[in-house]
Amino acid sequence: MNTPWKRILQKTAGWLAIEVVMNLTGLDTLADFGEFLFDLRPAALQSQPSDLITTLH
C-alpha cells in the first residue's frame, strides 16, 4: 500500500519529468501559446498585484 507522501512524491516526479521533456522538445511553449490564444479573459481585465497596492493606498 502506498503511503500518501510516497504517492505525492511519485506524482511530483512524474510531473517534473513530463515538464522537462516538454521543455526540451518545445511543446511547453506551444501549450503556453495555446492557453494565451484561448484565454477567455483579456489581459486588460486581469488584476495585477500593482493594482491591488494602488487601491489599498
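Please indicate, with yes or no, whether at least one residue in the range 41-51 is at pLDDT 80 or above, open to solvent by 90 Å² or more (accessible area, probe 1.4 Å) and not polar (S, T, N, Q). Taking every residue of the range 41-51 in turn, none turns out to be at pLDDT 80 or above, open to solvent by 90 Å² or more (accessible area, probe 1.4 Å) and not polar (S, T, N, Q).
Quick grid of which residues meet (1) modelled with pLDDT of 80 or more; (2) open to solvent by 100 Å² or more (accessible area, probe 1.4 Å); (3) of a type outside the set (D, E, K, R):
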residue	(1), (2), (3)
1	no, yes, yes
11	yes, yes, no
20	yes, no, yes
26	yes, no, yes
31	no, no, yes
36	no, yes, yes
56	no, yes, yes
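The values are calculated or read from the model by the stated rules, or taken from the named source; none is laboratory data. Please read these numbers as outputs of a predicted model, since none were measured by experiment. For accessibility, only protein heavy atoms count, side chains too; no ligands or nucleic acids. Shrake-Rupley method; radii C 1.70, N 1.55, O 1.52, S 1.80 Å.
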